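Notes to accompany the following structure.
The values are calculated or read from the model by the stated rules, or taken from the named source; none is laboratory data. Since we're looking at a predicted model, the values are computed, not measured. Positions of Cβ are backbone-derived with ideal geometry, glycine not excepted, and every protein chain shown enters the neighbour counts. Surface accessibility is based on the protein's heavy atoms, side chains included, excluding ligands, DNA and RNA. Shrake-Rupley method; radii C 1.70, N 1.55, O 1.52, S 1.80 Å.
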Amino acid sequence: MIALVVAASLLVGVTLGVLGGGGSILTVPILVYLAGLDPKEAIATSLFVVGVTSLAALVPHARARRVRWRTGLLFGAFSMAGAYGGGRIAAFVPGTALLIAFALMMLATAVAMLRKSRRADDPKPPHRELPLKRVAVEGLVVGGVTGLVGSGGGFLVVPALVLLGGLPMGIAVGTSLLVIAMNSFAGLAGHLADVRIDWGLALMVTAVAVAGSVVGGRLAGRIPQPVLRRAFGWFVVVMGVFVLSQQLGTGLWVHPATWAVLGAGLLAATAVRLRAKSSG
């Protein structure tokens with residue numbers, strides 16, 4: 001089982017280094033289902049792993065001048081407040097509810113990654129000054145999500161930096177790692193008042209993930225990111241459905257209403273996609 005934890009942690013690091021987000025969404029399931037941790041302990045440990053790994057992945061991006069420090073620090077400052085608050089709130093939420101929320105976050109992450117893979121060839125937006133009010137709101141929301149469910153929030157940070165700050169995708173990925181690290185440590189501070197961490201396990205997972213993030217950071221820009229993002233997005237979909245099924249039990253999945261809703265959602269998504277193709 002330890003070998004599986006190590007291999008999965010390496011995948012987390014590589015993905016985080018290459019994509020600037022997404023890999024951290026796997027840390028909680030690894031710690032819950034492979035390492036056997038309690039959900040709340042897994043979320044707190046995930047925040048430590050993601051924070052340290054993001055800092056390590058930040059180094060090669062910074063050396064390649066793919067980090068906008070002022071933008072990242074400004075966005076991260078607001079996010080830290082939300083992350084600490086989210087970490088404190090998590091103490092009052094049942095572990096099962098946190099895992100269900102996390103599974104939904106995984107599915108949202110996958111959708112965001114799959115959409116970005118289709119838009120990889122869009123023109124780069126011009127750089128602009130960050131609108132302070134929108135940064136404050138987005139930062140608090142992203143931070144709150146990070147602190148509550150233990151996700152780095154990279155899938156939210158990168159689009160925010162692109163849309164609000166007008167950063168090119170490569171720069172947004174590097175800058176997001178700074179924000180993710182700030183969020184993660186602030187969220188961890190919120191959890192430590194109520195959760196004890198197995199530091200031996202945390203340091204082992206972190207060391208492997210850091211090694212993977214360094215490799216991922218060096219690979220960034222050398223592999224076709226749309227292809228990698230699409231493949232990883234579908235993998236996260238599978239993992240999200242697995243976590244959700246484990247928490248909701250089999251009763252919900254055999255109920256006719258569940259499949260009626262899923263079928264309606266699939267038909268709606270197909271109709272939207274066909275309409276977009278016909279209009280394009």
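Observations on the structure shown:
- For the stretch 132-141, putting each phi into the Karplus relation 6.51 cos²θ - 1.76 cosθ + 1.60 with θ = phi - 60° gives couplings of 4, 5, 5, 4, 4, 5, 4, x, 5, 5 Hz, in residue order, rounded to whole numbers and with x for Gly and Pro.
- Estimated at 0.36 nm per residue, the fully extended path between ALA77 and LEU163 surpasses their Cα-Cα distance by 29.1 nm.
- Between VAL215 and ASP38, the modelled label-to-label distance comes to 3.4 nm, taking each label 7 Å out from Cα in the direction of the beta carbon.
- Accessible surface area normalised per residue over the stretch 26-65 is 32 Å², counting heavy atoms of protein chains with a 1.4 Å rolling probe.
- Taking Lys and Arg as +1 and Asp and Glu as -1, the other residues whose beta-carbon sits under 9 Å from that of ALA44 total 0.
- Cα shape, the stretch 1-105, gyration tensor, a/c 1.5 rule: oblate
- Taking θ as phi - 60° and the Karplus parameters 6.51, -1.76 and 1.60, the scalar couplings of the stretch 242-248 work out to 4, 4, 5, 5, 5, 7, 8 Hz in sequence order, x denoting glycine and proline.
- Taking other residues whose beta carbon is less than 15 angstrom from the beta carbon of THR27, and scoring Lys, Arg as +1 and Asp, Glu as -1, yields -2.
- The stretch 1-71: trypsin sites (Lys or Arg not before Pro) in DSSP loop, at most 14 other beta carbons within 10 Å: ARG65
- Each residue, VAL238 and LEU104, gets one label point 7 Å from its Cα in the Cβ direction; the gap between the two is 2.5 nm.
- Segment VAL93-ARG115, length gained on full extension (0.36 nm per residue, minus Cα span): 4.8 nm
- Sites matching chymotrypsin sites (Phe, Trp or Tyr not before Pro) across the stretch 1-100 that sit in DSSP coil, with at most 16 neighbouring C-beta atoms within 10 Å: PHE92
- Extension gain, ALA64 back to LEU4 (0.36 nm per residue minus Cα-Cα distance, nm): 18.3 nm
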